[in-house]
Amino acid sequence: LDPSRGRHAVDGHDVHDLTIEDVRRQVAVVDDEPHVFAASVAANLRVAGPDADDDAVGAALDRAGLGRWLADLPDGLGTRLGSGGRGLSGGERARLGVARAVLADRPLVLLDEPTAHLDHATATAVLDDVLSATDGRSVVMVSHRPEALDRFDTVLDLGARHPAAPAPKE
């Protein structure tokens, strides 16, 4: 979206001077419903890093808190997920999205309600994993939930604003 005022720059360059592909290569998105493709674990991650080898895919899963999960899978990275394959819990799906962001290795990670469907303990654990896995990158989280807000440098509350009450009539 174009800004209504000011400008949107990436590394000091106005986005209007960049291609959409150049801008998108800067951002990894982890949303509240990471899609699970009817494919292998490796293929599910390689959508974010098509040239990644098995070691890089495994490392991304490990950094996202899925190392033990991967070790317990019957066919490891070849285990099929999604339709006709293995199902994932909400926490596993969230971490799969995190692993994709780790593998994409982009400087900005946008977390869009990454813990929306998780209980408090799982949400806290997922956010601990994502913040650890994205250390050194800029992370923006959009959330209605309070988990991990104390771990961010800046918190903006964009809650509903109430119009000023009308002045009493005299």
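The values are calculated or read from the model by the stated rules, or taken from the named source; none is laboratory data. The structure presented is a predicted model; accordingly, all values stated were derived computationally and were not measured. Quick reminder, even Gly has a Cβ in these numbers, built from the backbone with ideal geometry, and neighbours come from all protein chains shown. Protein only, heavy atoms only, side chains kept; ligands, DNA and RNA dropped before computing areas. Shrake-Rupley method; radii C 1.70, N 1.55, O 1.52, S 1.80 Å.
Okay, here's what the table says:
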{"read-out": "Ordering of 91-104, 122-135, 24-37, 141-154 by burial proxy (mean other Cβ atoms within 10 Å per residue, highest first)", "value": "91-104, 122-135, 24-37, 141-154"}
{"read-out": "Whole-Hz couplings from phi, Karplus 6.51/-1.76/1.60, listed for the stretch 131-146; x for Gly and Pro", "value": "5, 5, 5, 9, 3, x, 10, 7, 10, 10, 10, 9, 7, 9, 9, x"}
{"read-out": "Accessible surface of the stretch 75-149, 1.4 Å probe, proportion on carbon and sulfur as whole %", "value": "50"}
{"read-out": "Using θ = phi - 60° and Karplus 6.51 cos²θ - 1.76 cosθ + 1.60, couplings along the stretch 90-103 (whole Hz; Gly, Pro as x)", "value": "x, x, 5, 5, 4, 5, 4, x, 5, 4, 4, 5, 5, 5"}
{"read-out": "Amide proton proximity set for residue 109, modelled H, under 5 Å, gap of 5+", "value": "28, 138, 139, 140"}
{"read-out": "Accessible surface, the stretch 1-128, averaged per residue in Å² (probe 1.4 Å)", "value": "55"}
{"read-out": "Estimated inter-spin distance, residue 138 and residue 20, nm [label 7 Å along Cα→Cβ]", "value": "2.2"}
{"read-out": "CD proxy at 222 nm, helix term only [per DSSP H run n ≥ 4: -39500 (n - 2.57); per residue of the chain; nearest 500]", "value": "-9500 deg cm²/dmol"}
{"read-out": "For the chain, built as a Gaussian network whose Cα springs stay under 10 Å, the top-fluctuating residue of 88, 111, 18", "value": "18"}
{"read-out": "Cα centroid separation, the stretch 90-154 to the stretch 57-88 (Å)", "value": "19"}
{"read-out": "Fraction of beta bridges assigned by DSSP in the stretch 1-148 that are antiparallel (%, nearest 5)", "value": "25"}
